[in-house]
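Remarks on the structure that follows.
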Amino acid sequence: MEDRTLSLIHFFPSFAYGGQQRRLATLVEGLGPRFRHRIVSLDGDISAAALIEGLNGASIETLKLEKTRFLSVGNINALKSAIAGSGADLVCTYNFGSIEAVIANRIGAGLAHIHHEDGFGTDERDGELTRRVIARRVLLANARVVTPSYALEKVATESWRIPPARVFRITPGIDLQRFRVAPRDRRSSIVVGSIGALRPEKNFLRLVRCFEKAAAKSNARLVICGDGPERARLEGAISQSPLRERISLTGPTSAPETALAQFDIFALTSDTEQTPISMIEAMAASLPVIATDVGDVALMLALGDEKSVYDIDDETGFSQRLEFLIDNEEERRSLGERNRVRAGEFDRRGMIEAFGRLYREAVSER
């Protein structure tokens with residue numbers, strides 16, 4: 001098994017820019033030619049295809065499914081055919097948006113299967129017994145389920161009732177050297193920045209509100225890199241902001257290291273996260289981080305950085321801390337250096353080895 005090349009088919013609800021897509025690109029590159037990857041986007045969006053182009057022969061395609069409130073027999077049949085004709089050794093599914101592919105494999109080819117859960121929307125954040133929770137309990141009971149955080153590992157075992165032996169927590173990793181930056185020069189205008197998909201759970205509207213309060217007495221700027229369904233709403237809020245001339249939406253980026261090099265502070269204002277890759281990258285780029293207290297965020301930062309994490313409802317505290325960071329270069333440098341050291345624990349090599357081992361074990365078990 002160690003010597004045989006394995007073929008994987010990955011079903012993504014969408015292959016737009018995001019943490020999952022960036023993690024897979026790192027894996028495709030790091031795992032090398034012993035693993036072949038076929039990526040399928042289920043909503044027709046392959047805007048993040050540039051992440052994997054030219055990497056060890058990985059391919060990407062679309063299989064646009066019918067939009068339904070829950071499940072579609074037509075969708076499941078189409079997915080059954082795609083799996084049966086793929087020649088794959090292993091099916092990888094991602095988040096609840098790929099649950100029909102989980103069903104298609106179970107009632108169809110029955111290939112080895114690994115399901116990746118990287119988070120959920122705000123409607124699931126409070127642990128209610130929803131239809132999605134029940135579906136996960138039933139459909140993922142025999143799957144290997146990968147989570148990126150302690151928080152989601154607990155949800156998987158306690159709420160979704162996946163047997164603990166079937167849940168694997170693999171911490172995301174990055175190419176640390178890629179994000180190393182030269183010491184930042186003193187700047188006349190401090191840049192507060194964030195990177196992420198413009199989706200409701202990222203709550204960039206909160207970041208705009210907090211920036212307005214924090215930067216009212218300075219000439220700081222706010223830069224948000226990303227795209228998504230919330231863009232129009234966010235643009236509307238920015239157009240009404242008293243600081244609109246100092247707030248920029250720059251679109252998605254395939255070179256986050258370039259964007260981070262232009263930031264002085266990294267801000268994360270999500271309603272729900274697990275182990276955000278953009279935050280790890282910001283830490284590796286020696287940036288101070290200010291964030292909402294979601295997922296494993298508080299555990300990720302350097303010990304003693306409790307002042308950098310705020311409850312999602314504490315916009316006053318978040319804004320005051322952001323204002324302090326904007327005005328205090330020494331604190332920014334100190335936090336950034338501690339974060340750079342802490343980021344050393346998120347090297348991509350450990351993640352790549354863990355996934356490679358899990359992929360081979362899953363196929364061997366089958």
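The values are calculated or read from the model by the stated rules, or taken from the named source; none is laboratory data. All of these numbers come straight from a predicted model, not from anything done at the bench. Backbone-built Cβ (ideal geometry, glycine too); neighbour counts: all protein chains shown.
Do we have any residue at all in segment 206-220 that's touching a strand residue (DSSP E or B) at 6+ places or on another chain (Cβ under 7 Å), closer than 28 Å to residue 49 by Cα and modelled with pLDDT of 95 or more? Within segment 206-220, not a single residue is touching a strand residue (DSSP E or B) at 6+ places or on another chain (Cβ under 7 Å), closer than 28 Å to residue 49 by Cα and modelled with pLDDT of 95 or more.
Of the residues making up segment 346-359, those that are touching a residue at least 24 places away in the same chain (Cβ under 8 Å), part of a helix (DSSP H, G or I) and not hydroxyl-bearing (Ser, Thr, Tyr) are 346, 348, 349, 350, 351, 352, 354, 355, 356, 358. Taking helices (runs of 4 or more DSSP H) as the structural unit, those lying wholly within segment 123-215 and holding at least 2 residues that are more than 30 Å from residue 320 (Cα to Cα) correspond to 131-139, 150-158. Beta carbons closer than 9 Å, at least 6 apart along the sequence or on distinct chains, pair a first residue in segment 326-341 that is in contact (Cβ under 8 Å) with a residue 12 or more places away in the chain with a second that is part of a helix (DSSP H, G or I) and charged (D, E, K, R) for 326/332.
If we keep just the residues of segment 259-281 that are touching an Asp or Glu at 6+ places or on another chain (Cβ under 9 Å) and aliphatic (A, V, I, L, M), which is surrounded by the most Cβ atoms within 10 Å (Cβ to Cβ)? Top of the filtered list is 279. Being at pLDDT 95 or above, out of contact with any strand residue (DSSP E or B) (no Cβ under 9 Å at 6 or more places or on another chain) and farther than 23 Å from residue 280 by Cβ is not true of residue 60. When 252, 242, 256 are checked against the criterion of being closer than 17 Å to residue 19 by Cα and surrounded by fewer than 21 Cβ atoms within 10 Å (Cβ to Cβ), 252 stands alone in meeting it.
The test for being crowded, with 23+ Cβ neighbours inside 10 Å, among the aliphatic types (A, V, I, L, M), in contact with a Leu (Cβ under 8 Å, 6 or more places away or on another chain) and within 20 Å of residue 200 (Cβ to Cβ) does not hold for residue 284. Restricting the first member to segment 199-215 and to residues that are surrounded by fewer than 24 Cβ atoms within 10 Å (Cβ to Cβ), and the second to residues that are assigned to a helix (DSSP H, G or I), the beta-carbon pairs closer than 6 Å and six or more apart or on different chains are 201/122; 205/237; 208/237; 213/319. I want to confirm something. Restricting to segment 322-337 and keeping residues that are surrounded by fewer than 19 Cβ atoms within 10 Å (Cβ to Cβ) and not polar (S, T, N, Q), which single residue is nearest to the chain's Cα centre (by Cα)? Among them, the one singled out is 337. The residue of segment 145-184 that is surrounded by the fewest Cβ atoms within 10 Å (Cβ to Cβ), among those that are out of contact with any Phe, Trp or Tyr (no Cβ under 7 Å at 6 or more places or on another chain), of a type in the set (S, T, N, Q) and under 21 Å from residue 293 (Cβ atoms), is 159.
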